[in-house]
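Read the structure below first, then the notes.
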Amino acid sequence: MASSPAVPKHLNFITGNKNKLAEVQAILAGVIELTNQNIDLVEIQGTVEEVTTDKARRAADAIQGPVLVEDTCLCFKAMNDLPGPYIKWFLLSLGPQNLHKMLSGFDDKSASAVCTFAYCEGPGHDPVLFQGRTEGKLVESRGSTVFGWDSCFEYEGLTYAEMEKAEKNKISHRGKALEKLKGWLAEQVQ
């Protein structure tokens, strides 16, 4: 991109997930104010980067302005990084209590949690991506099951669901991506 986009102080975060909104607002507090819009966007098939880039373009077109979008993946090493960006559908079908059964035939239970944010200045602009990754493993569900697959992704002995929110935000894939985004926003916000 030839020039850096100017980011408004108030930004639309395209999500219908209130837990995700609260987590992102907490991490970006003091840098930008987020409001959310729940827009049902078509999601293409592809890599997480392709999915997130396309989602950002569609969202910017839908609201005719600047947007922030996010896509989260859970990649199983034993399955060559599947389900990846399609984890949402596996989670909806199996629930967090049964997700670990996907790896029951494999010795390798390792997984990568990947979060990619995209900022798009508006229709016709190229999105800017920010990605974070946390290595862990898939385990039987432990802790609260109200936030996606947090109860079955373990990092250093605890599932995300067993961690305090502040602790999770420091080490999580979303927290890492948001730290990159936060640094960039601090330089860009009008």
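If one computes the Cα centroid of the range 125-190 and of the range 65-94, what distance in Å separates the two points?
Taking the Cα centre of each part, the range 125-190 and the range 65-94 sit 13 Å apart.
Can you compute the charge dipole magnitude of the chain about its Cα centre, using +1 on each Lys and Arg Cβ and -1 on each Asp and Glu Cβ, nothing else charged? Give it in debye, rounded to the nearest 20.
Details: 20 positive and 25 negative charges, 53 e Å.
It works out to roughly 260 debye.
Cα axis of helix 48-63 to longest principal axis of the chain: angle in degrees, 0 to 90, nearest 10?
Helix 48-63 sits at roughly 40 degrees to that axis.
Take every Cα-Cα pair in the range 10-188 and report what % of them are more than 29 Å apart. Before the final figure, lay out each step's value.
Numbers: 2966 of 15931 pairs.
So the pairs more than 29 Å apart make up 19 percent of the total in the range 10-188.
So what's the angle, to the nearest 10 degrees on a 0 to 90 scale, between helix 18-28 and the longest Cα principal axis of the chain?
Taking the Cα atoms of the chain, the angle to 18-28 is about 60 degrees.
Can you pull out the GluC sites (Glu not before Pro) in the range 126-190 that DSSP calls coil and that have at most 14 other Cβ atoms within 10 Å? It would help to have the intermediate numbers written out before the result.
Details: sites: GLU135, GLU140, GLU154, GLU156, GLU162, GLU164, GLU167, GLU179, GLU187; in loops: GLU140, GLU156, GLU164.
Those that pass, being in a loop and sparsely packed, are GLU140, GLU156, GLU164.
Spin-label point model (7 Å from Cα, Cβ direction): what's the ASN80 to LEU94 distance in nm?
Each label point lies 7 Å from its Cα, and together they span 1.8 nm.
For the range 87-157, which chymotrypsin sites (Phe, Trp or Tyr not before Pro) are both in a DSSP coil and crowded by at most 13 other Cβ atoms within 10 Å? Display every interim value, and only then the final one.
Working: sites: TRP89, PHE90, PHE106, PHE117, TYR119, PHE130, PHE147, TRP149, PHE153, TYR155; in loops: PHE106, PHE147, TRP149.
The qualifying sites are PHE106.
Round to the nearest 10 and give me the degree value, 0 to 90, for the angle of helix 173-188's Cα axis relative to the longest principal axis of the chain.
The angle comes out at about 10 degrees.
Roughly to the nearest percent, how much of the accessible area of the range 58-175 is carbon and sulfur, given a 1.4 Å probe?
51 percent
At 222 nm, what helix-only mean residue ellipticity would the chain give, in deg cm²/dmol to the nearest 500, using -39500 (n - 2.57) for each DSSP H run of four or more? Let's see the in-between values first.
Values: 5 runs with 58 residues, N = 190.
After summing the helix terms and dividing by the residues of the chain, the value is -9500 deg cm²/dmol.
Pop the C-beta distance of GLU156 and ALA186 into the FRET formula with R0 = 25 Å and round what comes out to the nearest 0.05. Write out the running numbers ahead of the final one.
Working: r = 29 Å, r/R0 = 1.17.
Once rounded, the FRET efficiency stands at 0.30.
Taking 2.2 N^0.38 Å as the expected size of a compact globular protein, what ratio does the Cα radius of gyration of the range 100-182 give against it, to two decimals? Provide the component values of the computation, followed by the final result.
Values: Rg = 14.9 Å, N = 83, 2.2 N^0.38 = 11.8 Å.
Against the empirical 2.2 N^0.38 Å value, I get 1.26 for the range 100-182.
How large is ³J(HN,Hα) for each residue in the range 128-144, as worked out from phi by the Karplus curve 6.51 cos²θ - 1.76 cosθ + 1.60 (θ = phi - 60°), to whole Hz, x for Gly and Pro?
Karplus-based 3J(HN,Hα) across the range 128-144 equals 10, 9, 9, 10, x, 9, 10, 8, x, 8, 8, 9, 4, 4, 9, x, 4 Hz.
At 0.36 nm per residue, and after removing the present C-alpha to C-alpha distance, how many nm does the segment from ALA62 to SER104 gain when stretched out fully? Present the calculation step by step, with values, prior to reporting the outcome.
On the way: separation 42, 0.36 × 42 = 15.12 nm, distance 4.14 nm.
Result for the pair: 11.0 nm of gain on full extension.
The values are calculated or read from the model by the stated rules, or taken from the named source; none is laboratory data. These numbers come from a predicted model, not from an experiment. We place every Cβ from the backbone using ideal geometry, glycine too, and count neighbours over all the protein chains shown. Just so you know, the surface numbers come from the protein's heavy atoms only, side chains and all, with ligands and any DNA or RNA stripped out. Shrake-Rupley method; radii C 1.70, N 1.55, O 1.52, S 1.80 Å.
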